[in-house]
Amino acid sequence: MIVIFEGPDGAGKDTLRRAFEKANDYVHICAVRFFISDIVYADYFKRPMFSNLSIYEKFAKKAQAFFNDNDVLVVYVTADKKVIYKRITDRGEKIESQPNFKQVEGLFDLYMRNFVTREGRVCRVNTTTDSIEKCIKQIEQKIKELPK
């Protein structure tokens, strides 16, 4: 199983990934951020990622094929925006401008729906309301529910 942890900066993706890998004896291939984040933030900050629609469409087909042809689960990690800001500043990073989290979350939803077309391949966890242990259990349960 390939498990990809996506979500905004400061949501707890890497912390959760490390704990998940350890709890599952490193049997899954895990990655923090894949191309969905790149597209979301390029779209949000109006950075050109694709020079035209046909390049985006080719990319989208390849992305859909990746998710459809592989055993992949996308874990969308989120947290309360105040918690995210605190985590980012606690690690010494500056927040130049405060992103609109509703807009960023909407973009994640859009692109996950576009690329992750196999039913049930997204697991949402919230590291503000749930402990790391509870988030791990949610991910493990989701993996058990996936068709083999």
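Failed condition for THR89, given (1) under 22 Å from THR127 (Cα atoms); (2) touching a residue at least 60 places away in the same chain (Cβ under 8 Å); (3) hydroxyl-bearing (Ser, Thr, Tyr), with all others met?
Every condition holds for THR89 apart from (2).
Looking only at residues in segment 53-97 that are in a helix (DSSP H, G or I) and basic (Lys, Arg), which one is surrounded by the fewest Cβ atoms within 10 Å (Cβ to Cβ)?
Here the answer is LYS82.
Evaluate segment 39-52: report whether one residue or more is at pLDDT below 85 and either small (Gly, Ala, Ser) or in a strand (DSSP E or B) (or both).
The answer is yes; a qualifying residue exists.
Please indicate, with yes or no, whether at least one residue in segment 98-121 is β-branched (Val, Ile, Thr) and assigned to a loop (DSSP other than H, G, I, E, B).
Yes, segment 98-121 has at least one match.
Looking only at segment 130-148, filter to residues that are of a type in the set (S, T, N, Q) and free of Cβ contacts under 8 Å to residues at least 12 places away in the same chain; which one of those is farthest from THR78 (Cα to Cα)?
Among those that are of a type in the set (S, T, N, Q) and free of Cβ contacts under 8 Å to residues at least 12 places away in the same chain, it is GLN141.
For the subset of segment 1-32 comprising residues that are assigned to a loop (DSSP other than H, G, I, E, B) and buried (at least 16 other Cβ atoms within 10 Å of the Cβ), which member is farthest from the chain's Cα centre (by Cα)?
The qualifying residue farthest from the chain's Cα centre (by Cα) is ASN24.
The values are calculated or read from the model by the stated rules, or taken from the named source; none is laboratory data. Since the model is a prediction, treat every value here as computed from it, not as a measurement. FYI the Cβ positions are ideal-geometry reconstructions off the backbone, even for glycines, and counts take in every protein chain you see.
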